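Read through the structure below, which is laid out as structure tokens, and then see the notes.
Quick note: the coordinates plus some simple rules give every number you see, no bench work behind them. Note that this is a predicted model, so its numbers are computed, not measured. Cβ atoms come from the backbone with ideal geometry, glycine included; neighbour counts cover every protein chain shown.
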Amino acid sequence: MNRMIGRSVIGLAVLTAGFGMQPALAQENAGNTALDELSEAAETPQAALAMAATQEADGDLLGAASTLERALLDSPHADDVRLAYATLLCRLDDRESARIEVGALRSRPTSGSEWKRMLGACGEDFDQISRRAGRINGTLSAGIAYDRDAFGELNTLSFFTPQDRDGLAIVASSQINAHLPMGDGNAFAYGDLYALTHNDISGPDSDYQFGDVAIGFGIARGASEFTAGGLVRHGRIAGNELFTAYGGEVGASFLAGSRGRISLRAEAVDEDYFLDLQDGWHYTFLASYERHHLRGSSIYFAAAYETKDAQFDVFGYDAISLAGALELPLSRSGTYARLSSTLRRVDFHNEEFFDDRRDLRFFTRAAVGVPLIGRSLFLEGAVSYRLRGHNLPFLEDYNSLGGDLRLVWRF
């Protein structure tokens, strides 16, 4: 789990009362230099691994473990550091702590030399450890956002539009994932919470809130996981209820290479709208791939197909979506750049005496985050662009530039 902690500075107490001043100062400088080197070694995962390897070769196992532990405080997602740390814990005869570290790995390079080295130190039974350590992780953010066309974001009609369409709003979001082991086997319980709120400060009434909660059970088979659970989703616009949905989901994920993971997911929810004509079942099928690299970068791709039924056919649709995200480190201190985009084509169902409707929707956001506390709390600034195109003349095409400034807590 990430920890909101900054870099710790370790100092030595040197008593100099006038006697032997020069030798004492020389010892102090030498000690501080060594401590600075150790602290700097923990600034990047690669430097920490190199320093720990040197310490281990010199027989300083405790020093090597401390170096990796400091690195994990700043880079909790560095699986290569965590794996090396687990190996050292076993060599120090702390197998229980090592089990927790192996269970917390996000990816498992089971065919790599470091994994085999860990098994050599910890025992072959560690190869069967699933993610047994309960964990809660996620992202919380809050800030302020500007949209050049806040009215068009929610409105599609081309008449009765206000003269001033831009708006300023307070925005907040949360994405929290929990994973708790059950019993002594490979079963686990999981819970996911997603929520988003947009509350206008100025401009058109563009308030909206969306959220969903999923709770279920899963089973791990080596590096693969299979899950099934229930799902509740709710949405509100301009202070009024839009819809509530109840249903279920199933999923599976598989290791792809040493640091990649492929996930498959399907859900079915019964949507109850404030307008009864929109009521119906909504089915989604999604496939995704994510990969976390050694240097802190990550990449994500997803493709989805949706189909929705409705009491009145023109409110039902089929949709195809593509999504992607790329995050790159910009500095050793934890500054990062992130680009994410979504493209969605919606083909509404046909109804006699109604024109066929087709929409093309696009969203992209480019952000830069600067660490405020360790690598957990960030100040993130972003620019975004939204586009929505229609084939019907009475529906207004929409495109808008925007920006936001947020505090982001990753844990």
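For the stretch 135-410, what log10 I(q)/I(0) values come out of the Debye formula at q = 0.10 1/Å, with one point per alpha carbon and no solvent?
Here log10 of I(q) over I(0) equals -0.61.
Sequence gap at least 6, Cα distance under 8 Å: using those rules, report the relative contact order of the stretch 135-410 to the nearest whole percent.
About 14 percent, as a whole number.
Could you put 118, 51, 182 in order, starting from the residue whose Cβ has the fewest other Cβ atoms within 10 Å?
Listed from fewest to most nearby Cβ atoms, that is 182, 51, 118.
Using the Cα centre as the reference, give the magnitude of the dipole from point charges on the C-beta atoms of the stretch 135-410 (Lys, Arg: +1; Asp, Glu: -1; all else neutral), rounded to the nearest 20 debye.
2000
Compute the Cα gyration tensor for the stretch 298-411, then decide on rounded, prolate or oblate, letting a ≥ b ≥ c be the square roots of its eigenvalues: rounded whenever a/c is under 1.5, prolate when a/b is larger than b/c in the other cases, and oblate in all that remain. Please report the intermediate quantities before stating the final value.
On the way: a/c = 3.44, a/b = 2.54, b/c = 1.36.
Since a/c reaches 1.5 and a/b is larger than b/c, the shape of the stretch 298-411 is classed as prolate.
With Cβ to Cβ distances under 12 Å as the rule, what net charge do the other residues near residue 395 carry (K, R +1; D, E -1)?
-1
Using each residue's phi in the stretch 90-95, evaluate 6.51 cos²θ - 1.76 cosθ + 1.60 at θ = phi - 60° and report the 3J(HN,Hα) Karplus result to the nearest Hz, with x for Gly and Pro.
5, 5, 8, 6, 10, 5
Among 409, 281, which comes first, second and so on when ranked by fewest other beta-carbon atoms within 10 Å?
The most exposed by this proxy come first: 281, 409.
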